[in-house]
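Single-structure report; data block below.
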Amino acid sequence: MAASTEAAFGMANMIDTQALRDGNPRALAKAITLVESKNLAHRGQAQALLEEVLPYSGNSIRIGITGIPGVGKSTFIEAFGLYLLEQGKRVAVLAVDPSSPIAGGSILGDKTRMEMLSRSRDAFIRPSPSEGSLGGVALKTRETMLLCEAAGYDVILVETVGVGQSEYEVASMVDFFMVLMLPNAGDELQGIKKGIMELADALVINKADGESLNYAEQTRRHYQNALHLLRHTSFWTPQVLTCSSLKNENIEAVWGMISGFQIDATKNGSLQDKRARQAREWMNKLLHGMLDLKLKENPEVKALLPELNQKVMEGQTTPYVAAQTLINLLFKAT
Ligand code: GDP
């Protein structure tokens, strides 16, 4: 562990939860560093802290934002975030970075990408942790989100590049999931997977300005029709909007849509249901992750695994019997 992180954890026991709840950004940053720590000893402290703040979390609207590199995520978040600050909201921006080379090296949640927003005292911007452990980076982001809520942020924006599994991860931790798109491009060109379209609560066609204005409107109509064919499992019908993040146009309409969703979903109970379901799925995912880890770390399992692999490949034993043997070893030891 780096010396600076070590120094931060001289204070691990001393995270001032009152300062955190008062919205002190330094207390929040320190708490997040604890949650992100890979040191196993800090894990227990982090969980104790999370349990303590849990009753004070949950009072935000959690918004996921995805889109290919260059679609305008950081420009949008800057414009949207500044608009929210004008409305008296406190805004936190978190990122789930798939840490993939395809992401084109863009660092999500990088403050230089949202310069004006990052200067405000009512905005908190946190890049992705560099590496995930159990549950991946997304676990850290979930936990960080709870800390931000306890610190009084009203709107949490979770940003991700639509690569790999990261959009699914984000969709499973937010209340409202939004896909940013370019004007005048089909799904194929935008690299948008059908599964993602099905998760979207809204598509927002960005760069609806200048010469692209008409194309953006055409694209909007195209998706509006396509979305009608998709999911209608909840009370919410996915919306398609256009905006220009660069020119600051129609940004208030995006917020109008989301706050409308928040009001209705709170009233009819679906927001609470969604969060409860997400928490249960998260627990299940952790449970499987923990079992997997135990299996990988068990010395007897480790010792026997190569031999069993070989036997299975050579047809000397069935995969079922081999798997059962390993499970028996694991539970004998625990
Ligand atoms: P990201 O990779 O998704 O975060 O995209 P950026 O926010 O970095 O934007 C990529 C490029 O698109 C930059 O040159 C932006 O200035 C430009 N851009 C972003 N939003 C808009 C917009 O609404 N209209 C126009 N014309 N350009 C935009």
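The values are calculated or read from the model by the stated rules, or taken from the named source; none is laboratory data. The shown structure was predicted, so the numbers you read here are calculated from the model rather than taken from an experiment. Note that each Cβ is placed from the backbone with ideal geometry, even for glycine, and that neighbours are counted across all protein chains shown. The area values use the complete protein model at the heavy-atom level, side chains included, leaving out ligands, DNA and RNA. Shrake-Rupley method; radii C 1.70, N 1.55, O 1.52, S 1.80 Å.
Quick check: from the Cα gyration tensor, does segment 45-89 come out rounded (a/c under 1.5), prolate or oblate?
In terms of gyration-tensor shape, oblate.
Can you list the aspartates and glutamates whose alpha carbon sits under 20 Å from that of Lys267, skipping same-chain ones fewer than 8 residues off?
Counting by Cα, and skipping residues close in sequence, Lys267 has these aspartates and glutamates nearby: Asp154, Asp175, Asp201.
If you place +1 on the Cβ of every Lys and Arg and -1 on the Cβ of every Asp and Glu, how big does the dipole about the Cα centre of segment 212-334 come out, in debye to the nearest 20?
That gives segment 212-334 a dipole magnitude of about 200 debye.
Once the other residues with Cβ under 13 Å from the Cβ of Leu308 are scored (Lys, Arg +1; Asp, Glu -1), what is the net sum?
It works out to a net charge of -1.
Cross-link partners among lysines for Lys247, C-alpha distance below 23 Å, same-chain residues fewer than 8 apart left out?
Lys73, Lys89, Lys111, Lys207
Using amide H atoms built 1.01 Å from N in the peptide plane, name the residues 5+ places from Gly64, or on other chains, whose amide H lies under 5 Å from its own.
Counting only residues 5 or more places away or on other chains, the set is Val158, Asp175, Phe176, Phe177, Met178.
For segment 28-88 and segment 227-283, what is the separation of their Cα centres, given in Å?
19
In debye, nearest 20, what is the charge dipole magnitude of segment 282-331 about its Cα centre with +1 on Lys and Arg Cβ and -1 on Asp and Glu Cβ, if you could check?
160
In nm, give the distance between the simple-model label positions of Arg43 and Ala303, each being 7 Å from the Cα along the Cα-to-Cβ direction.
For the pair Arg43/Ala303, the computed spacing is 2.4 nm.
Can you sort Leu305, Leu157 by solvent-accessible area, 1.4 Å probe, largest first?
Result, largest first: Leu305, Leu157.
Count of lysine pairs in segment 283-334 with Cα atoms under 22 Å apart, counting only pairs 8 or more residues apart in sequence or on different chains?
Step by step, the pairs that qualify in segment 283-334 add up to 8.
Order Glu167, Glu249, most accessible first, counting only protein heavy atoms with a 1.4 angstrom probe.
From most exposed to least exposed: Glu249, Glu167.
Take the alpha-carbon positions of segment 282-331, form their convex hull, and give its projected area averaged over all directions (one quarter of the hull surface) in nm². Intermediate values should be presented prior to the final figure.
Values: hull surface 14.4 nm².
Mean projected area of the Cα convex hull: 3.6 nm².
Considering only the other residues whose Cβ falls under 13 Å of the Cβ of Glu51, what net charge follows from Lys and Arg at +1 and Asp and Glu at -1?
Details: positive: Arg43; negative: Glu52, Glu143.
In short, -1.
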